[in-house]
């Protein structure tokens with residue numbers, strides 16, 4: 001896993017600073033392995049006390065939820081193709 005790059009600031013609802021991150025998955029990667037590695041890195045970050053308590057864990061949960069949604073969308077597209085239904089890319 002690459003080293004995180006730090007820079008800039010983010011505000012949550014204009015009330016205070018927050019932390020954001022982006023996880024990129026290479027084509028052909030196993031999403032479960034990626035989530036596992038992200039969770040390990042988040043645990044490492046939480047243990048280092050760099051971020052407020054629990055912040056990185058909530059971020060990992062959001063990543064897992066997004067990846068689960070992505071898998072469901074991919075399954076829907078595959079199912080539509082198998083059934084011979086047209087897939088509307090603009091929807």
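Could you tell me which of the residues 87, 6 is part of a loop (DSSP other than H, G, I, E, B), exposed (fewer than 12 other Cβ atoms within 10 Å of the Cβ), touching a helix residue (DSSP H, G or I) at 6+ places or on another chain (Cβ under 7 Å) and at pLDDT below 70?
Numbers: 6 fails: touching a helix residue (DSSP H, G or I) at 6+ places or on another chain (Cβ under 7 Å).
Among 87, 6, only 87 is part of a loop (DSSP other than H, G, I, E, B), exposed (fewer than 12 other Cβ atoms within 10 Å of the Cβ), touching a helix residue (DSSP H, G or I) at 6+ places or on another chain (Cβ under 7 Å) and at pLDDT below 70.
Six or more apart or on different chains, Cβ atoms under 9 Å: show the pairs whose first residue is in the range 46-58 and at positive phi and in a loop (DSSP other than H, G, I, E, B) and whose second is surrounded by 14 or more Cβ atoms within 10 Å (Cβ to Cβ) and modelled with pLDDT under 70.
Within 9 Å, no pair qualifies.
The values are calculated or read from the model by the stated rules, or taken from the named source; none is laboratory data. Because the structure is predicted, anything quoted here is derived from the model rather than measured. Methodologically, a virtual Cβ is constructed for each residue, glycine included, from the backbone with ideal geometry; neighbour enumeration extends over all protein chains shown.
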